[in-house]
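Structure first, then comments.
The values are calculated or read from the model by the stated rules, or taken from the named source; none is laboratory data. As the structure is a computational prediction, the values presented were derived from the model and not from experiment. Counting neighbours? That spans all protein chains shown, and the Cβs are built from the backbone with ideal geometry, glycine included. Note: accessible area is taken over every heavy atom of the protein model, side chains too, but ligands, DNA and RNA are not part of it. Shrake-Rupley method; radii C 1.70, N 1.55, O 1.52, S 1.80 Å.
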Amino acid sequence: MNIYVIRHGESEHNVDRNVMAHTHDSQHSLTELGHKQAQVTADFMKTNVNGKTVLYSSPYLRTKQTAQAIHSLLPGEVPFFENPLLREWELGNLYDFNNRTPEAKKEYKAAGQFYFRFQNGESLADVYLRATMFMNTVVDRLKRQQRYDNLVIVTHAAFMHMLLAFLMESPVEDLINFKPIENASVIKIDEVDGDYQYEKIFVPKVEI
């Protein structure tokens, strides 16, 4: 089974991260550019998968908008599911980048990026566990069923990074200060002789 992991198109907080202080992360929409990126990626995906495909998306608005654009161009029999395990790294309910307490800064410095858990949110280690859970439950079940040739996952940058880290068995020191994959880009994951490998196969080139 081919696994395609796709980041959402450009969203409101990718342009202005201060929106996170007043609008919950789950409600950030795609921008005009983000919608165009999603459409270009949808055009790419329709030529790479067949009707024996299943689509999973994070329940966040920007990922659903991206996934819906892709799903609309796939054969009608392709099922579309949301799964909260695929959600973005939670930094807190309403996270204000400009209002971080001295105590939080001290704790962040002591724990490091991977282990620091945001108030009312998660650490990257928590996201790593979610990625592990998704692979060990949803993906392994689909592989056993042998019903689909392709699995398409629409998710977020941090989740993608942690998923690849789990599959590649990367050391913790390699999991910090990662550069997010480009918006609406596609990673293809294959299993060869029991080991996973991956490749970035598409980056949308779009301008407003």
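Return the only residue of 145, 197 being open to solvent by 50 Å² or more (accessible area, probe 1.4 Å), of a type outside the set (Gly, Ala, Ser), at pLDDT 95 or above and touching an Asp or Glu at 6+ places or on another chain (Cβ under 6 Å).
197
Just give me the residues in the stretch 1-16 being part of a helix (DSSP H, G or I), open to solvent by 40 Å² or more (accessible area, probe 1.4 Å) and more than 30 Å from residue 190 (Cβ to Cβ), in sequence order.
Matches in the stretch 1-16: 12, 15.
Being open to solvent by 70 Å² or more (accessible area, probe 1.4 Å) and free of Cβ contacts under 8 Å to residues at least 60 places away in the same chain is the filter here, so list the residues in the stretch 17-34 that pass it.
Answer for the stretch 17-34, where residues must be open to solvent by 70 Å² or more (accessible area, probe 1.4 Å) and free of Cβ contacts under 8 Å to residues at least 60 places away in the same chain: just 27.
Which pairs turn up if I take residues in the stretch 48-67 that are on the phi > 0 side of the Ramachandran plot and look for partners that are outside any helix (DSSP H, G or I) with beta carbon separation below 9 Å, at least 6 apart in sequence or on another chain?
none
Out of all the residues in the stretch 117-142, which are among the hydroxyl-bearing types (Ser, Thr, Tyr) and surrounded by fewer than 19 Cβ atoms within 10 Å (Cβ to Cβ)?
Passing the criteria: 123, 132, 137.
Restricting attention to the stretch 156-194, which residues are open to solvent by 70 Å² or more (accessible area, probe 1.4 Å) and assigned to a helix (DSSP H, G or I)?
Those that are open to solvent by 70 Å² or more (accessible area, probe 1.4 Å) and assigned to a helix (DSSP H, G or I): 173, 174.
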